[in-house]
Amino acid sequence: MTVEMGALPATPLLLGARPTDESMSTELSQYYAGTTQYHAFGRRLITNDGKVFRHSLSSGLCYTGRGNVFSRAIDDATGAGGIDYAVLAADAPAGSNFVKMTNTGSSAIAKNALAGGQILMKPTETYTDAHLMMRTVIANSAAAATSGVCTIHLDAPTETALTTSHYAFVMPSPYSDVSYDASSVGKSFAGLAATYISATGYYFWVQTWGACWVANQNAVGRTSLYRSVYWREDGSLDIHSSIGTNVTDQRAGIILDNNDSANGSTVIRLEMDI
């Protein structure tokens, strides 16, 4: 059983390495944005100063100074919404590095649109929480809408045999659908766009860790002992005591400034990745 050829590179870029195009001939920094995909969704880039970025696809505007959100929902009929909970389309013996599922969505699934996502397989009807297998999707075949069969390639072989009586679901990478939302109720934050994105359909890098500036409320850096910062629904930052109607409980990071004189914050360290 072989892995689908043409899978996009997904290994981390470390120690000052720069993302390049597919032919490795052109240097493309973390500030690159374009309509050609050179990396798997969620691929990690770590810079020499410790900042972390993740390769993403825009589904609208993306801001550099406010948090952008994960907008992907499973089986959301966009052609990259994954495959919701359903039986497998074919048997797969133990040791398989791919499985087959029927596309239950109303839009076609493009080749490798699910790469970087997660598949959860249930090999038994008994004690299901104890016998689940979860893998990262490294590639997938194209599949027509509603009834097309999608071959899903895994990052490691299965340890248990699967049959067409067993269930699975595929959730695409959250980084395949990132956008700014001024009222992000029901969505989690991904981080900051490395460069401003003006429309849907751009491949770009999202900062998830390290020094940055983020729009913030007046209490940030001016309230004694409050060092952690949290995302507001509009992508700005606030302090823990403000969590409630307009402030989420999703922590963004910490203030790096000395704010002993309550002078307000300038530089934030995002802490949303490793």
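The values are calculated or read from the model by the stated rules, or taken from the named source; none is laboratory data. Predicted, not measured: the structure shown is a model, and the values here were computed from it. Using ideal geometry, Cβ is built from the backbone for each residue, glycine included, and neighbour counts are taken over all protein chains shown.
Out of curiosity, is GLU233 out of contact with any Pro (no Cβ under 6 Å at 6 or more places or on another chain) and surrounded by fewer than 19 Cβ atoms within 10 Å (Cβ to Cβ)?
Details: out of contact with any Pro (no Cβ under 6 Å at 6 or more places or on another chain): yes; surrounded by fewer than 19 Cβ atoms within 10 Å (Cβ to Cβ): no.
In short, no.
May I ask you to verify whether ALA139 is among the small types (Gly, Ala, Ser), in a strand (DSSP E or B), under 29 Å from PRO93 (Cα atoms) and touching a Phe, Trp or Tyr at 6+ places or on another chain (Cβ under 8 Å)? In short, no. Those strands (runs of 3 or more DSSP E) of region 54-130 that lie entirely within it include none in which at least 2 residues are touching a Cys at 6+ places or on another chain (Cβ under 9 Å) and aromatic (Phe, Trp, Tyr).
When MET5, MET24 are checked against the criterion of being modelled with pLDDT under 75, assigned to a loop (DSSP other than H, G, I, E, B) and within 26 Å of LYS100 (Cβ to Cβ), MET5 stands alone in meeting it.
Being within 21 Å of GLY105 (Cα to Cα), among the aliphatic types (A, V, I, L, M) and touching a residue at least 12 places away in the same chain (Cβ under 8 Å) holds for only one residue in ALA168, ALA199, ALA161, ALA193, and it is ALA168. Taken over region 48-62, the residue count meeting the criterion of being touching a Leu at 6+ places or on another chain (Cβ under 9 Å) and crowded, with 19+ Cβ neighbours inside 10 Å is 6.
Please verify whether SER261 is hydroxyl-bearing (Ser, Thr, Tyr), farther than 21 Å from LEU192 by Cα and surrounded by fewer than 20 Cβ atoms within 10 Å (Cβ to Cβ), treating the condition exactly as stated. Break it down stepwise before answering.
Numbers: hydroxyl-bearing (Ser, Thr, Tyr): yes; farther than 21 Å from LEU192 by Cα: yes; surrounded by fewer than 20 Cβ atoms within 10 Å (Cβ to Cβ): yes.
Against the criterion (hydroxyl-bearing (Ser, Thr, Tyr), farther than 21 Å from LEU192 by Cα and surrounded by fewer than 20 Cβ atoms within 10 Å (Cβ to Cβ)), SER261 qualifies.
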